[in-house]
Amino acid sequence: MILSIYYAVPVFSQEDYVPSASNLEAREWFQDAKFGLFVHWGVYSVMGGGGDMGIAEWIMERKQIPVDQYEKLPDFFNPVAFDAAEWVSMVKEAGMKYITITSKHHDGFAMYDSKISDYNVVDQARYGKDIIGKLKEECDKQGIKLFFYYSQLDWHHPDYYPRGRTGNFTGRPESGDWDAYIDYMNTQLTELLTQYGDVGGIWFDGMWDQWDAPWRLDETYALIHELQPQTLLGSNHHKMPIPGEDFQMFEKDLPGQNSMGFNQTGIGELPLETCETMNGSWGYNIKDTKFKSTEDLIHMLVRAAGLNSNLLLNTGPMPDGRIQPENVATLKEMGKWMKQYGEAIYGTRSGPTGAKKWGVSTWKDNKIYVHILDAEDPVLYVPMAGQKVAKAYAYGSGEKITFKKQSEGVLLTLPEIPENIIDYIIVLEF
Ligand code: FHN
C-alpha cells in the first residue's frame with residue numbers, strides 16, 4: 001500500500017546553491033576520509049543472482065520478473081545473522097571511515113522503516129526489523145558516518161511512468177502519475193533525513209534511466225539541503241555535476257578513466273569518489289568468486305588518493321546478513337595495510353606528479369608521498385611545484401634516498417624494491 005503525503009519546502013533554484021559552512025566542513029572531512037564501504041543489500045540477495053554471473057540487484061529486470069511475483073521475495077528475506085555491530089567493527093578494522101548503504105535500490109524495496117509505503121523491510125520482510133535503523137545506531141556508537149544510496153529509478157512504483165530504458169517487464173499498467181512518484185520519492189527522502197539523525201550523504205542513482213524526465217531536481221536538492229545542510233549530495237548520473245550537488249562520483253573507473261563506458265565526463269571541482277566491486281557484482285551473486293586481490297584493491301585505493309578521490313569499495317551481503325567471508329578477509333588485510341601506511345593516504349590531497357604508470361603521489365603538510373606501485377626505471381623525476389626538498393627517505397624504514405635537485409623538481413635514485421612490496425613509498429620533506 002502506498003500513501004501519499006509530501007512535505008514540500010520552498011524551492012530555490014540550485015543554480016544559486018551556496019553550501020552551508022557545515023557542508024563545506026563535511027566536504028573536507030570526506031576528502032580526508034578516503035575510504036568507505038559500499039553495501040548493496042536488498043531482498044534480491046535471496047536469489048544470489050539466480051545462477052547467472054553479472055546478475056544480482058538487477059535480477060528483477062534481467063529475468064523479467066513481474067512485480068506481483070517479485071513481491072514474494074520479502075517474505076523469504078530473513079537475515080537472522082545480521083549483526084550491525086560486527087559489520088561496523090569490520091569497517092573500522094578495515095580503516096574505512098564511512099558506509100554507503102542501499103536504502104532503496106531500483107527494485108523499489110525500502111530497507112528502512114518507510115511510512116509512505118509498506119513495501120519495506122519492517123512491514124513486509126519476514127525479518128521485520130529496520131536494517132538501516134540498526135546500522136545507523138551502531139555507526140553512531142562506533143563513530144562511522146552513514147550515507148544512504150537512493151535509487152530515483154523505480155521498477156515497482158506504479159507512478160514511475162512514463163518508463164525509461166528499464167523496468168518495462170514488470171506487468172505494471174501503462175499509465176501513471178509521474179509527479180505523484182516524485183512526491184513519493186521526496187517523502188521517502190524526508191523520512192530518511194528525519195528518522196535517523198545526522199546522515200553523511202545521499203547517493204543518488206538511476207537518473208540515467210531517463211535523462212530528460214522532469215525529475216524536479218531543484219525541489220529534491222533544496223529539500224535535502226534544507227533538512228540536513230551538512231549532508232553531502234551526489235548523483236551517479238555519469239555526467240558532470242549538476243548545481244546543488246556536493247561531490248562527484250565515478251563508477252568502476254578512476255576519475256579521468258572510462259574503461260566501462262559509464263564515465264563520459266570530465267572532472268569537476270567537487271570532492272571525488274570512485275566506487276568499485278570486490279568481485280564483479282554489486283549485490284550478492286553466489287557464483288561470482290572472481291574476487292580482486294588485496295594488492296589490486298590497495299593499488300586502486302592509492303591511485304584514487306593520488307587523483308584526489310575516495311574509494312568506496314563494495315560488498316554484497318549474503319541473504320542471512322553476513323558479509324561474504326572472502327570480503328571480510330580482504331578487508332582485514334586492507335585494514336592491516338592502512339594501519340601501517342594510512343599516514344600517506346588519510347588527510348592527503350593529490351601530489352605534484354599526477355597519475356603515472358609507475359604510481360602516484362599524495363601530499364600533506366610539508367610532505368609529499370611518492371607511491372611506487374609498479375617501478376619501471378631506477379630513477380624517477382618528481383616535479384616539486386616550487387618546494388625545495390630537504391630530506392628524502394623510505395616510508396617505514398627511514399632509509400635515505402639519494403636525490404638530485406633539478407630546475408623544477410628532483411630526480412630520485414630508487415633502491416632495489418623487494419618484489420612483495422605492495423606500495424613502496426618515498427617521503428619527500430620540504
Ligand atoms: O544500476 C546500478 C547498479 O546496480 C549499482 O547500484 C551501481 C553502483 O554504482 N550503479 C548503477 C549502475 O550505474
Which peptide among 274-286, 355-367, 100-112 comes first, and what is the full order, when sorted by highest mean count of other Cβ atoms within 10 Å? 100-112, 274-286, 355-367
Karplus (6.51, -1.76, 1.60) ³J(HN,Hα), θ = phi - 60°, over segment 390-399, in Hz, Gly and Pro reported as x: 9, 9, 9, 8, 7, 4, x, 7, x, 3
Ratio for segment 10-121, C-alpha Rg to 2.2 N^0.38 Å, reads 1.37
Cα atoms only, segment 294-377: Rg and Dmax in Å? 14.5, 49
Given backbone amide H placed at 1.01 Å from N, residues whose amide H is under 5 Å from that of Tyr381, ignoring those fewer than 5 places away on the same chain, are Leu412
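If you place +1 on the Cβ of every Lys and Arg and -1 on the Cβ of every Asp and Glu, how big does the dipole about the Cα centre of segment 239-368 come out, in debye to the nearest 20?
On the way: 15 positive and 15 negative charges, 79 e Å.
Here segment 239-368 has a charge dipole of around 380 debye.
Any idea what the dipole of the chain comes to, in debye rounded to 20, about its Cα centre with Lys/Arg Cβ at +1 and Asp/Glu Cβ at -1?
On the way: 39 positive and 60 negative charges, 289 e Å.
It comes to approximately 1380 debye.
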Using alpha carbon centers only, segment 223-245 is separated from segment 285-356 by a whole-angstrom value of 25 Å
If you wrap a convex hull around the C-alpha atoms of segment 245-309 and split its volume per residue, what is the figure in Å³? 96 Å³
Tilt of helix 178-195 relative to the longest C-alpha principal axis of the chain, in degrees (0 to 90, nearest 10)? 60 degrees
By the scheme Lys and Arg +1, Asp and Glu -1, what is the net charge of all other residues having a beta-carbon under 11 Å from that of Ser235? -2
Considering only DSSP beta bridges with both partners in the chain, what is the antiparallel share in %, to the nearest 5? 45 percent
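Taking the Cα centre of segment 36-130 as origin, sum charge times position over the Cβ atoms of Lys and Arg (+1) and Asp and Glu (-1), and report the length of that vector in debye to the nearest 20.
Details: 9 positive and 14 negative charges, 39 e Å.
About 180 debye.
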Rank Phe109, Phe30, Ala81 by how far each Cα sits towards the positive end of the charge dipole of segment 1-147 (+1 on Lys, Arg Cβ; -1 on Asp, Glu Cβ) and give me just the farthest. Ala81
With all protein chains present, how much of the accessible area of segment 76-211 (probe radius 1.4 Å) comes from carbon and sulfur, to the nearest whole percent? 48 percent
From the gyration tensor of the Cα coordinates in segment 141-284, what semi-axes in whole Å does the equivalent ellipsoid have, largest first, with each one equal to sqrt(5λ)? 24, 21, 16
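What full-extension length gain, to one decimal in nm, is calculated for Leu24 and Lys388 as 0.36 nm per residue of separation minus the Cα-Cα distance? Let's see the in-between values first.
Details: separation 364, 0.36 × 364 = 131.04 nm, distance 3.12 nm.
Contour length minus the Cα-Cα distance gives 127.9 nm.
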Note, segment 229-246: 3J(HN,Hα) by Karplus (6.51, -1.76, 1.60, θ = phi - 60°), whole Hz, Gly/Pro = x, goes x, 7, 5, 8, 9, x, 9, 8, 8, 6, 10, 5, x, 9, x, x, 8, 10
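Ignoring everything except DSSP H segments at least 4 long, calculate the 222 nm mean residue ellipticity for the chain; use -39,500 (n - 2.57) per segment, divide by total residues, nearest 500. Walk me through the intermediate numbers first.
Values: 9 runs with 102 residues, N = 430.
One gets -7000 deg cm²/dmol as the mean residue ellipticity at 222 nm.
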Rounded to whole Hz and in sequence order, give me ³J(HN,Hα) for segment 59-73 from the Karplus expression 6.51 cos²θ - 1.76 cosθ + 1.60, θ = phi - 60°, writing x for Gly and Pro. 4, 4, 6, 5, 9, 6, 8, x, 3, 5, 7, 4, 5, 6, 4
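When N is the residue count of the chain, what does its C-alpha Rg come to as a fraction of 2.2 N^0.38 Å? Please list the in-between numbers first.
Values: Rg = 22.6 Å, N = 430, 2.2 N^0.38 = 22.0 Å.
The chain yields a ratio of 1.03.
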Of Leu193, Leu146, Leu313, the most mobile residue in a GNM of the chain (C-alpha springs, cutoff 10 Å) is Leu193
Projecting each Cα onto the charge dipole of segment 135-252 (Lys/Arg +1, Asp/Glu -1 at the beta carbon, about the Cα centre), which of Asn168, Gln230, Gly197 comes out farthest on the positive side? Asn168
Give, as a single signed number, the net charge of other residues whose beta carbon lies under 10 Å from the beta carbon of Lys391, with Lys and Arg counted +1 and Asp and Glu -1. +1
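Please give me the summed charge of the neighbours of Lys72: other residues whose Cβ is under 14 Å from its Cβ, Lys and Arg +1, Asp and Glu -1.
Its environment carries a net charge of -2.
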With a 18 Å threshold on alpha-carbon distance, the violating pairs from Lys92/Lys336; Lys287/Lys332; Lys104/Lys141 are Lys287/Lys332; Lys104/Lys141
Skip the ligands, DNA and RNA, and give the accessible area per residue of the chain with a 1.4 Å probe, whole Å². 40 Å²
Roll a 1.4 angstrom probe over the protein heavy atoms and tell me the percent of accessible area of segment 301-430 that is carbon or sulfur. 50 percent
Distance between Cα centroids, segment 375-430 to segment 104-135: provide it in whole Å. 52 Å
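Just subtract the alpha-carbon distance of Arg62 and Leu411 from 0.36 nm times their residue separation and send over the number in nm, one decimal. Can you show the working numbers first?
Numbers: separation 349, 0.36 × 349 = 125.64 nm, distance 5.36 nm.
Difference between extended and current length: 120.3 nm.
The values are calculated or read from the model by the stated rules, or taken from the named source; none is laboratory data. Quantities reported herein were computed from a predicted structural model and do not represent experimental measurements. Positions of Cβ are backbone-derived with ideal geometry, glycine not excepted, and every protein chain shown enters the neighbour counts. These area figures cover heavy atoms from the full protein model, side chains too; ligands, DNA and RNA do not enter into them. Shrake-Rupley method; radii C 1.70, N 1.55, O 1.52, S 1.80 Å.
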